[in-house]
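A short write-up of the structure that comes next.
The values are calculated or read from the model by the stated rules, or taken from the named source; none is laboratory data. Worth saying up front: this structure is predicted, and the values here are computed from it rather than measured. A quick note on method: Cβ atoms are made from the backbone with ideal geometry, for glycine too, and the neighbour counts reach across all protein chains shown.
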Amino acid sequence: MPDAAKHLPLADNMLIGALLRVPAQAIHRRLIKELNEAGFDDLRLPHIPVLQYPGPDGVRPSVLAERAGMSKQAMNQLLGSLEQLGYILRADLPIEGGARVVHFTKRGHAVYARMTETLVAIEREWSDELDAKRFALLKELLVRVWKSPLVW
């Protein structure tokens, strides 16, 4: 059992927020670990809100900030970091009075593809752990919540 897991309360009494957060954080840590091992060693956990599904390509910074639940200033700092590292570019939209939009660079597309590969592997592992039927049910229920007014 990993050290972090030893310090968690018993899952039987946890509320839904924690039950969703803990696996999400585990996925994020795994993504960064595998991205670093794949040569994207300059990426860190704080970059995840920009890179997470559906990704930043073609999206305004303000929309990314809203998705991530962070301020526009904080998002722009993350975007600046990713731009300096060569993962994204920000470009003006001339038809909209100087509004900006984010685009992946070739390196950004490569990192997003690698993230997708890792997530597919994680799904396989979780399906094996839970058994395929239970994992399919878990996904079905999460999709139902995703599509409901509960999250929007």
**Study point:** Residue check for THR116: in contact with a strand residue (DSSP E or B) (Cβ under 9 Å, 6 or more places away or on another chain), of a type in the set (Val, Ile, Thr) and either within 26 Å of ARG21 (Cβ to Cβ) or at pLDDT 95 or above (or both)
**Key:** no
Exercise for review: May I ask you to say which residue of GLU117, GLU83 is loosely packed, with under 13 Cβ neighbours inside 10 Å, assigned to a helix (DSSP H, G or I) and free of Cβ contacts under 8 Å to residues at least 12 places away in the same chain?
Suggested key: GLU117
Study note, to complete from the structure: Flagged in region 86-108 as surrounded by fewer than 11 Cβ atoms within 10 Å (Cβ to Cβ) and assigned to a helix (DSSP H, G or I), in numbering order, are PRO94, ILE95, GLU96, LYS106
Practice item. Could you list all residues from region 52-80 that are basic (Lys, Arg) and either without any contact (Cβ under 8 Å) to a residue 24 or more places away in the chain or assigned to a helix (DSSP H, G or I) (or both)? Key: ARG67, LYS72
Check your understanding: Which one of these does LEU51 not meet: (1) surrounded by 13 or more Cβ atoms within 10 Å (Cβ to Cβ); (2) farther than 30 Å from LEU138 by Cα?
Key -> (2)
